[in-house]
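What follows is a short report on a single structure.
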Amino acid sequence: MTTRRDFLSRSAMTAAGLGAAAMSQPSQAQLAESVKQMQPPKKPVIITRDTGDRTIDEAYKMLLDGADTLDACDHVCLAREDDPNDHSVGYGGLPNEDGVVELDACCMHGPTRMAGSVGALPNIRHACLVSRLVMERTGHIMLVGQGAERFAVMEGLKREDMLSDEARKMWLLWKEDRNSHNFWGPPLSSPQWKEPSPPPTLNHSAIPRHPGPEWAEVIRARSQQLMGMASDLGIPPHERAFAVEQVLWPTTGTIHISVLNTKGEMSGATTTSGQAWKIPGRLGDSPIIGAGCYTDQDVGSAGATGSGEENIKVAGAHTIVDCMRQGMTPKEAGLEALRRIVRNYNGDMNKVRYLDMIYYILRKDGAYAGVSLWSTTASGKPKVFCVHDGEKRVENCAWLLQGTTTN
Ligand code: GLY
């Protein structure tokens with residue numbers, strides 16, 4: 001039987017417990033208020049994909065010299081777009097299924113709260129500049145396709161073929177390999193999607209878009225065959241393994257960069273050639289403000305590289321910035337966005353294992369995180385990102401799931 005004394009003493013204990021918990025755990029309102037009060041860091045901070053690129057140091061120097069934060073972002077993006085050896089962006093990017101390079105990019109400028117975006121842009125090298133021109137020179141936020149191309153030319157950018165000789169040969173390899181997958185048919189997220197079953201023999205060599213481990217021997221044989229074809233097509237030896245991988249499992253390389261200066265000004269930019277061999281006209285997450293990039297200098301900035309379709313569905317960059325607004329750390333906010341991606345598949349690892357995603361996250365006080373869906377690359381190396389806060393370094397990403405994507 002509970003006596004009045006028991007009840008009172010239990011109530012007092014509970015109240016004391018609640019009081020201690022309340023004191024140690026700030027309320028949501030307090031957390032949000034603490035974000036508002038955060039001060040800018042003493043030194044600028046840059047967060048981006050690890051490209052081993054000296055332009056990240058140069059962008060940092062620009063920030064120290066007082067350059068605009070979006071100019072610093074563009075400095076890094078422009079160099080990537082110029083690099084013919086970077087097959088994920090700009091000139092040399094891998095084309096769509098028709099052999100046409102279509103670029104996606106967007107940017108957000110914190111100080112003016114302006115944004116611009118361009119999608120499926122053909123024949124123009126610097127998608128990041130076009131997205132900025134859309135932002136600065138039009139009353140629109142987003143232009144796509146031939147309209148975007150015409151706009152860029154009218155603004156003085158040069159029309160040129162974006163298909164480098166090496167990217168063209170890689171496309172030929174994909175095209176000539178009649179067993180390569182394409183992007184037609186029900187997607188992973190469709191109830192009609194079926195897990196591929198193993199082939200009866202090695203001769204049945206059409207590797208499905210998402211093969212399980214039972215395909216290992218077929219993949220080995222097919223890779224060997226494709227390496228021979230790559231050699232015949234004149235793809236240089238150092239590019240052959242990459243080309244074969246892109247034929248078997250086309251990827252979505254991208255550059256995102258978020259930047260913060262000591263005045264608390266922030267900008268973010270994302271640029272990409274998108275999914276290799278995509279259906280013409282496909283837009284990924286990179287041109288979508290709030291998915292591939294989102295910047296609010298009252299809170300922070302974030303961007304993404306990885307499975308664009310998945311990131312669009314969770315509005316990844318906006319979700320992250322909004323979670324930070326409510327008091328989450330950059331790492332917690334990134335993990336929350338990743339959990340929403342996994343939630344979209346009801347946690348079904350037979351599907352989630354085909355996805356990949358890294359978020360690059362910067363808060364207005366200089367706190368940062370790189371957060372990855374998976375802990376490692378296919379070769380077992382940790383997923384990494386690059387940060388510069390006076391010293392440029394590569395750090396391991398925090399991650400949601402241990403292991404690697406199957407894709
Ligand atoms: N994340 C780049 C893309 O999906 O196009």
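Out of all the residues in segment 311-325, is one or more on the phi > 0 side of the Ramachandran plot, touching a helix residue (DSSP H, G or I) at 6+ places or on another chain (Cβ under 6 Å) and away from the ligand (no atom under 12 Å from the Cβ)? There is no residue in segment 311-325 that is on the phi > 0 side of the Ramachandran plot, touching a helix residue (DSSP H, G or I) at 6+ places or on another chain (Cβ under 6 Å) and away from the ligand (no atom under 12 Å from the Cβ). Within segment 252-276, being closer than 22 Å to T69 by Cβ, within 9 Å of the ligand (Cβ to nearest atom) and assigned to a loop (DSSP other than H, G, I, E, B) holds for one residue alone: T254. Residues that are part of a loop (DSSP other than H, G, I, E, B), open to solvent by less than 30 Å² (accessible area, probe 1.4 Å) and either of a type in the set (A, V, I, L, M, F, W, C) or modelled with pLDDT of 80 or more (or both) within segment 179-232 comprise L188, S190, I207, listed in sequence order.
Note on segment 77-178: enclosed strands (runs of 3 or more DSSP E) holding 3 or more residues that are open to solvent by less than 40 Å² (accessible area, probe 1.4 Å) are 102-109, 114-122. Taking the condition touching an Asp or Glu at 6+ places or on another chain (Cβ under 7 Å) and within 14 Å of the ligand (Cβ to nearest atom), does I341 pass? Yes: the conditions hold for I341. Sort out which residues of segment 338-350 are farther than 17 Å from C293 by Cα, open to solvent by less than 30 Å² (accessible area, probe 1.4 Å) and not in a loop (DSSP other than H, G, I, E, B), and write them in order of number. Hit for segment 338-350 is V342, nothing else. Test each condition in (1) within 14 Å of the ligand (Cβ to nearest atom); (2) open to solvent by less than 40 Å² (accessible area, probe 1.4 Å); (3) over 13 Å from C106 (Cβ atoms); (4) modelled with pLDDT of 95 or more for I279 and report the one that comes out false. Failed condition: (2). Selection of first residues in segment 235-253 that are small (G, A, S) and of second residues that are away from the ligand (no atom under 16 Å from the Cβ), restricted to Cβ pairs under 7 Å at least 6 apart or on distinct chains, gives the following pairs, ordered by first then second residue: A243/M170; A243/L173; A243/A230; A243/I235. When segment 369-389 is examined, which residues are found to be part of a loop (DSSP other than H, G, I, E, B) and either small (G, A, S) or touching an Asp or Glu at 6+ places or on another chain (Cβ under 7 Å) (or both)? Selection gives S375, A378, S379, G380. Residues being of a type in the set (D, E), within 16 Å of the ligand (Cβ to nearest atom) and either in a loop (DSSP other than H, G, I, E, B) or without any contact (Cβ under 8 Å) to a residue 12 or more places away in the chain (or both) are represented in segment 283-301 by at least one member. Whether a residue is within 13 Å of the ligand (Cβ to nearest atom), at positive phi and either open to solvent by 10 Å² or more (accessible area, probe 1.4 Å) or within 9 Å of the chain's Cα centre (by Cα) (or both) was assessed, and G306 passes this test.
Results for (1) modelled with pLDDT of 95 or more; (2) closer than 17 Å to G366 by Cα; (3) touching an Asp or Glu at 6+ places or on another chain (Cβ under 9 Å), shown as yes or no for each residue.
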residue: F7; (1), (2), (3): no, no, no
residue: S11; (1), (2), (3): no, no, no
residue: Q28; (1), (2), (3): no, no, no
residue: Q39; (1), (2), (3): yes, yes, yes
residue: T55; (1), (2), (3): yes, no, no
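The values are calculated or read from the model by the stated rules, or taken from the named source; none is laboratory data. These numbers were taken from a predicted model, which means no experiment stands behind them. Glycine gets a Cβ as well: all are built from the backbone with ideal geometry, and neighbour counts include every protein chain shown. Remember, those area values only see protein heavy atoms, side chains included, never the ligands or the DNA or RNA. Shrake-Rupley method; radii C 1.70, N 1.55, O 1.52, S 1.80 Å.
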